[in-house]
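Q: Quick one: the structure is below, and I'll ask about it shortly.
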Amino acid sequence: MHRVARLIVVPGAGLLLALGLASGAGADERHATPSPSAATHDHGEHAVVPTPSAEAHDHGTGTTAPAGDDHDDSHDDHGTGTTEPAGGGHDDHGTSVAGTGPEPDTRLLVLSGFAAVNGLVLMVASVQRSRTAGARERRRTARATAPPAV
Amino acid sequence: MTAPPLVETTTDPDLDVVPPPAPAGYDLMQHRVVARLLRSRWWPQVLQVPAAAVFGLVAYQLLTGPSSAHDNAGTALMWVIWWPLLPILFVVLGRVWCTICPFGWLSDQVQRLVGVERPVPRFLKRYGIWVIDAQFLLITWADHVWGVVASPWGSGMVLLLLTTAVIASGAFLQRRAFCRYLCFLGGLSGNYARTGAVALRADPEICATCTSRAACYNGTDTTSACPLFTFPRTMEDSADCNLCASCIKSCPNDAIQIQVRPPSSELWHLRTPRLEASFLAAAIMGIVLIQNLTMLSVWPDVLDAIGRTTGITASAAVFTMAFAVAVAVPVGLVALASHWAAGRNLESTVVNFARFGFALIPLDIAGHIAHNLFHLLSEGKAAVMTVLGLVGVDGSTTSPGVASTGTIQVLQYALIALGTAASLYAARRMAHGRYRSAARRRSTVLPYAAVIAVLAVLNAWMFALPMAHRI
């Protein structure tokens with residue numbers, strides 16, 4: 001059972017850490033600052049008005065969302081805000097906002113890191129491949145000479 | 001090899017341990033064009049190459065393109081076009097995406113170059129689906145907490161992490177071990193593929209006379225082995241078949257058929273349902289619910305209510321609670337129905353869950369497609385314009401969608417109705433295939449029908465509310 005836990009927890013923690021590192025900065029900025037794209041992100045039904053962040057996330061009715069909401073701004077006040085009755089359909093959609101992403105140096109660092117890890121994996125596998133050629137050949141021969149499947 | 005089946009032999013005279021075999025459907029291999037295509041050395045490369053090219057463009061755009069999801073062609077291609085089309089493909093052609101998936105192709109290339117080809121660890125064979133279940137939940141949770149879909153860079157990171165995992169798996173393990181045992185999308189597509197309208201099966205009469213040493217499984221000098229470790233002769237479901245046609249090329253007796261069947265019919269012919277796959281079916285329903293909920297205008301109110309009730313202010317913690325509840329609701333409802341049924345059909349709760357949890361899959365797919373249909377039809381034009389912007393075409397458009405709100409809603413309700421009907425029918429057929437007495441059938445179908453109805457109403461209610469766009 002310990003192996004089970006390890007195999008789930010270790011890659012899971014790695015995945016979370018990487019995702020958090022990779023998108024955390026961008027997500028924070030997305031939530032806190034007005035994104036140029038958010039202001040111009042109009043689906044054809046709303047006026048394109050560059051506004052401060054709170055207004056930028058008000059999709060539809062023009063009501064201003066209270067600034068400083070502690071939940072994800074990308075989900076703020078979707079659609080019609082608070083004034084339109086439910087069931088109004090999908091015609092007044094919100095704008096998902098996008099992050100600015102990390103700095104170019106950080107991007108380069110992360111991409112280099114991935115390249116290095118992948119390169120290392122390929123190198124180790126390459127060395128092991130030459131060492132285990134005999135075992136692979138034995139397995140192949142065993143398969144070829146095995147009795148027919150029943 | 002995998003976890004033992006939950007359904008054992010029994011002396012209960014009212015129980016059909018082995019459900020009736022699925023009738024052989026029309027064999028598409030009788031069509032010369034289909035047979036030639038699948039036997040051709042160009043299959044599946046003819047689809048893999050363009051898919052790999054598009055994948056390269058998507059990855060490049062996500063990692064180096066505009067930071068705004070709305071302006072990023074990678075986000076548009078990945079989340080507004082590809083992701084919504086994917087479940088539709090599963091219903092029509094089963095797991096065929098996995099055969100053209102660039103990650104599978106990458107795994108093959110790495111294996112060819114440096115593959116050590118170690119046997120898949122027993123742990124993965126036994127618990128791989130649970131790892132997939134956990135990953136699927138984790139990735140969905142991470143998406144909402146860190147905004148992976150809304151951030152091109154975040155989406156790019158997911159692709160890079162998957163790339164590294166695929167390279168490692170291809171380098172050290174046999175065949176496409178990652179696709180079979182670790183890929184969360186593979187787990188999803190495996191579950192959805194059970195409803196596919198086509199299925200690869202071997203002709204048992206021809207196989208009984210075969211002397212080829214399982215060429216369909218092991219491959220030959222000129223064709224590769226089954227990438228997903230499936231032996232056509234004994235396969236009973238399509239969860240682990242990606243229609244790569246390797247077995248068709250290897251089989252010296254032309255015993256492999258591509259059968260057309262009624263969508264979802266596999267669900268009531270399953271002999272060895274597995275709890276982990278059934279759990280995934282229920283968890284996916286929870287994921288569909290939370291995906292819908294987070295895009296509704298009522299979502300901030302839900303979060304506020306949770307925050308007020310619990311006193312928790314951290315948004316990630318509040319979301320985690322909502323996420324846990326959303327996933328727990330369908331899982332809990334199916335568990336409850338299984339417990340209720342167990343008291344009446346004289347089988348254990350676990351056996352009931354493993355078998356009848358599969359009945360949720362058609363409704364899962366319907367909810368999944370209906371949700372994504374909104375993105376595809378209401379943002380599709382904007383997404384295409386964003387992609388066309390890469391080649392200098394003016395990306396401005398007066399309307400981002402290709403269908404009106406009313407049309408989309410009608411389609412969504414139709415899909416939910418269809419999914420509900422298919423789920424109810426599947427539950428009924430499963431009970432009828434398994435029990436002989438009317439009372440036992442009725443007491444089994446009833447609780448699951450109630451769960452399906454509750455989940456259908458929940459889905460329908462959500463599609464009535466205004467929803468936010470993805471890009």
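The values are calculated or read from the model by the stated rules, or taken from the named source; none is laboratory data. In this text, all values refer to a predicted model and were calculated from it rather than measured experimentally. Here Cβ is always computed from backbone atoms with ideal geometry, including for glycine, and neighbour counts include all displayed protein chains.
Q: Which of the residues that make up the stretch B:94-110 are within 28 Å of B:P263 (Cβ to Cβ) and within 14 Å of another protein chain (Cβ to nearest Cβ)?
A: B:F103 - this is the single residue of the stretch B:94-110 that is within 28 Å of B:P263 (Cβ to Cβ) and within 14 Å of another protein chain (Cβ to nearest Cβ).
Q: Is at least one residue of the stretch B:393-411 among the hydrophobic types (A, V, I, L, M, F, W, C), outside the structural domain of B:T195 (by TED's automatic domain parsing) and closer than 30 Å to B:E276 by Cβ?
A: No.
Q: Kindly indicate whether any position in the stretch B:102-118 is assigned to a helix (DSSP H, G or I) and within 15 Å of the chain's Cα centre (by Cα).
A: Checking the stretch B:102-118: not a single residue is assigned to a helix (DSSP H, G or I) and within 15 Å of the chain's Cα centre (by Cα).
The rows are residues; the columns are (1) buried (at least 24 other Cβ atoms within 10 Å of the Cβ); (2) at pLDDT 95 or above; (3) under 19 Å from the mean Cα position of the chain (by Cα); (4) in the same structural domain as B:G196 (by TED's automatic domain parsing).
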residue	(1), (2), (3), (4)
B:E379	yes, no, no, no
B:S423	yes, yes, yes, no
B:A439	no, no, no, no
B:R470	yes, no, no, no
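Q: Sticking with this structure for a sec: Select the helices (runs of 4 or more DSSP H) contained entirely in the stretch B:144-245, then report the ones holding at least 1 residues which are without any contact (Cβ under 8 Å) to a residue 24 or more places away in the chain and touching a Gly at 6+ places or on another chain (Cβ under 9 Å).
A: B:152-172
Q: Would you please name the residue that is nearest to B:A245 (Cα to Cα), looking only at residues in the stretch B:52-72 that are surrounded by fewer than 20 Cβ atoms within 10 Å (Cβ to Cβ) and of a type in the set (A, V, I, L, M, F, W, C)?
A: Only one residue fits best here, namely B:A52.
Q: A further question follows. I'm told B:T75 meets every condition in (1) away from chain A (no Cβ under 14 Å); (2) closer than 23 Å to B:T163 by Cα; (3) not hydrophobic (A, V, I, L, M, F, W, C) except one. Can you identify the failing condition by its number?
A: Unmet for B:T75, out of (1) away from chain A (no Cβ under 14 Å); (2) closer than 23 Å to B:T163 by Cα; (3) not hydrophobic (A, V, I, L, M, F, W, C): (1).
Q: Can you report the number of residues in the stretch B:109-166 which are farther than 30 Å from A:R136 by Cα and either outside the structural domain of B:Y192 (by TED's automatic domain parsing) or of a type in the set (D, E, K, R) (or both)?
A: Going through the stretch B:109-166 one residue at a time, the tally reaches 2.
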